[in-house]
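Enquirer: Handing you this structure, nothing more for now.
Derivation of every value follows stated rules applied to the coordinates shown; laboratory data play no part. Small disclaimer: the values here were computed from a predicted structure and weren't measured. Note: ideal-geometry Cβ built from the backbone for every residue, glycine included; neighbour counts use all protein chains shown.
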Amino acid sequence: MAQILLPEKVWDGTAADYFPSETAILVENGKIKEINSRARLGTEAEVVSLDGLTAIPGLIDAHVHLSLDPESPGTNAEDPDGAVLRARAMVRRGITTARDLGSSGGKILELRKEINKGERIGPRLLVAGPPLTTPGGHCHFWGGVVEDAKDIEKLVRDQAELGFDWLKVMATGGVLTQGTRPSAAQFKLKELEKMVSMSEAFGLPVAAHCHGTPGIAACARARVQSIEHSSFSGEGGFGSAFDEEVSQLISESGAFVAPTVHARWSRFLTQYNDNRPISERTESTNDGSDFARRMNRCYRGLKAAGVRMVASTDAGIPGVHHDALDRALPVWARFAELSPREALISATSGSASALGISDETGFLKPGRSADIVAVRGDPLKSLDCLADKMWVMARGQVVTQQSEVFKAKKGN
Ligand SMILES: [Zn+2]
């Protein structure tokens, strides 16, 4: 049955402002059928009052690991069975789409199928298989080790046939795998080019885990579709080897960056709580805020070079919960000096466009999936309201009821 949603405000995912007041959203068969003034929409539908709430597109987390339990200590302690509950928690907190960037196997494919069939609730999933890596390399225990071109060919073919949506490659070492160095590249340009051309032949885009600057540069040259983390890691840690030319290279390649800034990075901002932009601070500090300053420079540099960046959290790594994109967005906005609107675009329309699913989601527009979040407040002014109670519809199904939002209003 069709539904007419009546929020107080509606934001389409791109515009500088909200629709005029009294705008309503007509939802039918899981999709947005029309967005128009209440008076112009017919009455043959169930009316859902979202009084006092602002409707925005469902959020997209472009980098998660559903198989990982954030309460367990590392990436080699997988808990695929818990993925069902984590997916549920995500969608109930407004994350209606997520890209799962690596695990040891096909459990997440199964979950994707169950969600698509409506048998379970969870975000629309784009899924990568075991990431391609070197012997003993980052996340080698997930089973994606390749030693030569033949291995690359076999793994890419196998993963495409299994139905994965993305190919993931560990182009540098990682923080969580002993014996690897984040700043060091794991593959040569030739090998990366081989992965990209093989993947292209099977229609799979490539997402490359990159911390160190040489690895980032190689991935941009090999024309991967997305660069994960993009930490510009060097001798002095994350952000210490920022390189403008490499940023330019990424921009020219057309790749987008998923910087994986999660809510726990707020601990690096304690020195910056006066709301002045990080880049405008001149006083030097010897605490963790140097990290904030370094990463701030990277993100501003990427933005200045015209690189598209998408909201992403790396949920699943220790302490980073899957349902916390709402709390990550204000932190991401602080680090990159984004306006609330820019940060929201990076988690909705901008992300959908980068991920190649803009026909499906990321926008409140007719024809798109009814992936809708309603929050109490003015998210184009302040992102803080995202962390409050929310009403959520995913593919036309209400997964978080408005009673939960209104109850909260009365209770507090
Ligand atoms: Zn990751």
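Enquirer: Subtract the Cα-Cα distance of ARG120 and ASP51 from 0.36 nm times their separation in residues, and report this length gain in nm to one decimal.
Expert: 22.0 nm
Enquirer: Once every DSSP H run of n ≥ 4 in the chain is given -39500 (n - 2.57) and the sum is divided by its residues, what mean residue ellipticity at 222 nm do you get, rounded to the nearest 500 deg cm²/dmol?
Expert: -8500 deg cm²/dmol
Enquirer: If r is the Cβ-Cβ distance from ARG157 to ASN76 and R0 is 41 Å, what FRET efficiency results, to the nearest 0.05? Could the numbers behind the result be given before it?
Expert: Numbers: r = 26 Å, r/R0 = 0.63.
That gives a FRET efficiency of 0.95.
Enquirer: Please work out the FRET efficiency for the pair ALA305 and ALA15, using the Cβ-Cβ distance as r and a Förster radius of 22 Å; give the result to the nearest 0.05.
Expert: The calculated FRET efficiency here is 0.30.
Enquirer: Moving to a separate point now. What does the charge count near THR133 come to, summing +1 for each Lys or Arg and -1 for each Asp or Glu among other residues with Cβ under 12 Å from its Cβ?
Expert: Counting the neighbours of THR133, the net charge comes to -2.
Enquirer: Can you pull out the GluC sites (Glu not before Pro) in the range 98-198 whose DSSP state is coil and whose Cβ has at most 13 other Cβ atoms within 10 Å? Intermediate results must be reported in sequence, preceding the final value.
Expert: Details: sites: GLU110, GLU114, GLU119, GLU147, GLU153, GLU161, GLU191, GLU193; in loops: GLU119, GLU147.
Sites meeting the loop and neighbour criteria: GLU119, GLU147.
Enquirer: Can you give the % of DSSP beta bridges in the range 59-355 that are antiparallel, to the nearest 5?
Expert: Of all bridge pairs located within the range 59-355, approximately 10 percent are antiparallel.
Enquirer: Right, another one. Provide the net charge surrounding ALA328, with neighbours chosen by a C-beta distance below 12 Å and charges set as Lys +1, Arg +1, Asp -1, Glu -1. Write out the running numbers ahead of the final one.
Expert: Working: positive: ARG93, ARG264, ARG327, ARG334; negative: ASP61, ASP314, ASP323, ASP326.
Around ALA328, the charge tally is 0.
Enquirer: Which lysines does LYS107 reach when only Cα atoms under 16 Å apart count, and residues fewer than 8 places away in its own chain are ignored?
Expert: Output for LYS107: LYS117.
Enquirer: Could you run the Debye sum over the Cα atoms of the chain, one equal point scatterer each and no solvent, and tell me log10 of I(q)/I(0) at q = 0.11, 0.12, 0.13, 0.14 Å⁻¹, two decimals?
Expert: Here the Debye-derived log intensity ratios amount to -0.78, -0.93, -1.08, -1.23.
Enquirer: Measure nothing fancy, just the Cα-based angle from helix 83-92's long axis to the longest principal axis of the chain, in degrees from 0 to 90, nearest 10.
Expert: Rounded to the nearest ten degrees, it is 50.
Enquirer: Moving to a separate point now. Straight-line reach from LYS381: which lysines have a Cα under 30 Å away, not including same-chain ones fewer than 8 places off?
Expert: Partners found: LYS9, LYS31, LYS33, LYS303, LYS365, LYS389, LYS407, LYS409, LYS410.
Enquirer: Here is a further query. Can you give me the distance in nm between label points at GLU337 and ASN275, each placed 7 Å from the Cα along the Cα-to-Cβ direction?
Expert: According to this spin-label approximation, the distance is 1.8 nm.
Enquirer: Give the residue from VAL196, LEU41, ILE60 lying farthest towards the positive end of the charge dipole for the chain; charges sit on Cβ (+1 for Lys and Arg, -1 for Asp and Glu) and the dipole is referred to the Cα centre.
Expert: LEU41
Enquirer: May I ask for the angle, rounded to the nearest 10°, between helix 107-116 and the longest principal axis of the chain, with both axes built from Cα atoms and the value confined to 0 to 90°?
Expert: Around 20 degrees separate the two axes.
Enquirer: For the range 352-365, in order, what is each residue's ³J(HN,Hα) by Karplus, 6.51 cos²θ - 1.76 cosθ + 1.60 with θ = phi - 60°, in whole Hz (x at glycine and Pro)?
Expert: Each residue of the range 352-365 in turn: 4, 5, 4, 7, x, 10, 5, 6, 9, 8, x, 10, 9, 9 Hz.
Enquirer: For the range 1-136, give the share of DSSP beta bridges that are antiparallel, in percent and rounded to the nearest 5; count only bridges with both residues there.
Expert: On the way: 10 of 26 bridges.
Roughly 40 percent of the DSSP beta bridges within the range 1-136 come out antiparallel.
Enquirer: How do 17-25, 343-351, 50-58 rank on mean C-beta neighbours within 10 Å, highest first?
Expert: So the peptides 17-25, 343-351, 50-58, ranked by packing, come out 343-351, 50-58, 17-25.
Enquirer: If the cut-off is a Cα-Cα distance under 16 Å, which lysines reach LYS154, setting aside same-chain residues fewer than 8 apart in sequence?
Expert: LYS168, LYS194
Enquirer: A follow-up question, please. If Lys and Arg each add +1 and Asp and Glu each add -1, what is the summed charge of the other residues whose beta carbon sits under 13 Å from the beta carbon of GLY42? Please report the intermediate quantities before stating the final value.
Expert: Numbers: positive: LYS33, ARG38, ARG40; negative: GLU28, GLU34, GLU44, GLU46.
Every neighbour counted, the sum reads -1.
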